Amino acid sequence: MSYLLESRSEPTMQKHVSLEEQQAKINEVRELLGDLPTEMPGFLSDSTIRRFLHARNWSSVQATKTLKEAVKWRRQYKPENIRWEDISEKENEVKRAYIPDYLDNNGRTVLIGRPSLKSVTSEKEQIKQLVYNLENLTMNAENASENVVWVIDFRGWTLSSTPLAMTRQSMNIIQNYYPGLVSVVILCNPPKIFQSFWKIINYFIEPGMKDKVKFVYANNSESLRIMADMFDLDKLESEFGGRNTSGIDIVEYSARMQRRDRIRGGLEEENGNASTSLP
């Protein structure tokens, strides 16, 4: 079982902003964005703007800057168009990163990562899968910021498991194009060699993200209590201290993600139709 250690950085103080102040900030950002909300109504919803504001400590200027960068990226990458059928080598790659069908005890969506499992696809395809998962995770973050718990299994991890360049690209996407999405990152049993890797990637991880990183190690008496507080142990995978040994069913997962794609596509179409009626 695992023990949840404290983050290794000083926490960033988050401003307390009332609901009225939040809406005023959202309106201010909308004004600063100009015509962009009309171009991307599905993406530039109040909930997305709120999430970006929360990630930038309620600075309208900083949130607007990040949103404009995200819009520019979305124009080129078109992440909203990625579907389950576009993910290569599904069975192997899903075992490396997937969204389980349970929430944590605070109602947050869970993302499981196993970087030590060797990928059989290119870095480009791995990034596509990351973006696909992030797009799906935003569906559960419409009404709340920091609504994702990212649990990463580092058993068997080596320096070759996660190339530095791809790690940096992944963090850039998460921090700049999906900020305010992740609540906590649980690094489970990273080997000693990971310490050197962590020192390097610290240079391009934002302080706010560092605050969310928790290191987890095996064989500590506090572990069961801590993880039981966060998860239903009957649902949590056994490698993270839970009692679920069944593993992921790729057929069931495939059907679930295709259902999510249809819901996501319907929301995008609805938002697009709504935008046509704007003056």
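The values are calculated or read from the model by the stated rules, or taken from the named source; none is laboratory data. All values derive from a computational prediction rather than experimental measurement. Counting neighbours? That spans all protein chains shown, and the Cβs are built from the backbone with ideal geometry, glycine included. To get the accessible areas, we keep the full protein, side chains included, count just its heavy atoms, and leave off ligands, DNA and RNA. Shrake-Rupley method; radii C 1.70, N 1.55, O 1.52, S 1.80 Å.
Only one entry in Asn140, Asn133 is in the same structural domain as Asp211 (by the TED database), at pLDDT below 95 and assigned to a helix (DSSP H, G or I), namely Asn140.
Let's see how each residue does on (1) part of a helix (DSSP H, G or I); (2) open to solvent by less than 40 Å² (accessible area, probe 1.4 Å):
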{"position": "Arg225", "(1), (2)": "yes, no"}
{"position": "Leu233", "(1), (2)": "no, yes"}
{"position": "Gly242", "(1), (2)": "no, yes"}
{"position": "Gly247", "(1), (2)": "no, no"}
{"position": "Arg256", "(1), (2)": "yes, yes"}
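Filtering the range 180-214 to residues that are open to solvent by 60 Å² or more (accessible area, probe 1.4 Å), of a type in the set (Lys, Arg) and assigned to a helix (DSSP H, G or I) leaves only Lys199. Taking Tyr217 as the residue in question, decide whether it is exposed (fewer than 15 other Cβ atoms within 10 Å of the Cβ) and among the aromatic types (Phe, Trp, Tyr). Criteria not met by Tyr217. Filtering Val94, Val61, Val120 for residues that are modelled with pLDDT of 95 or more and among the aliphatic types (A, V, I, L, M) leaves a single hit, Val61. State yes or no: is Val251 at pLDDT below 95, assigned to a helix (DSSP H, G or I) and over 22 Å from Arg50 (Cα atoms)? Yes; evaluated as a whole, the condition is true for this residue. Ser238 fails exactly one of the following numbered conditions: (1) open to solvent by 40 Å² or more (accessible area, probe 1.4 Å); (2) over 17 Å from Arg96 (Cα atoms). What is the number of that condition? Just one mismatch for Ser238, condition (2).
For the range 164-179, a residue qualifies if it is part of a loop (DSSP other than H, G, I, E, B) and either open to solvent by 50 Å² or more (accessible area, probe 1.4 Å) or touching a Phe, Trp or Tyr at 6+ places or on another chain (Cβ under 8 Å) (or both), and exactly one does: Pro179. The residues on offer are Ser161, Ser145, Ser119, and the sole one that is surrounded by 16 or more Cβ atoms within 10 Å (Cβ to Cβ), in contact (Cβ under 8 Å) with a residue 12 or more places away in the chain, in a loop (DSSP other than H, G, I, E, B) and in contact with a Gly (Cβ under 9 Å, 6 or more places away or on another chain) is Ser145.
For the range 1-43, a residue qualifies if it is touching a Pro at 6+ places or on another chain (Cβ under 7 Å) and either modelled with pLDDT of 95 or more or part of a helix (DSSP H, G or I) (or both), and exactly one does: Arg30.
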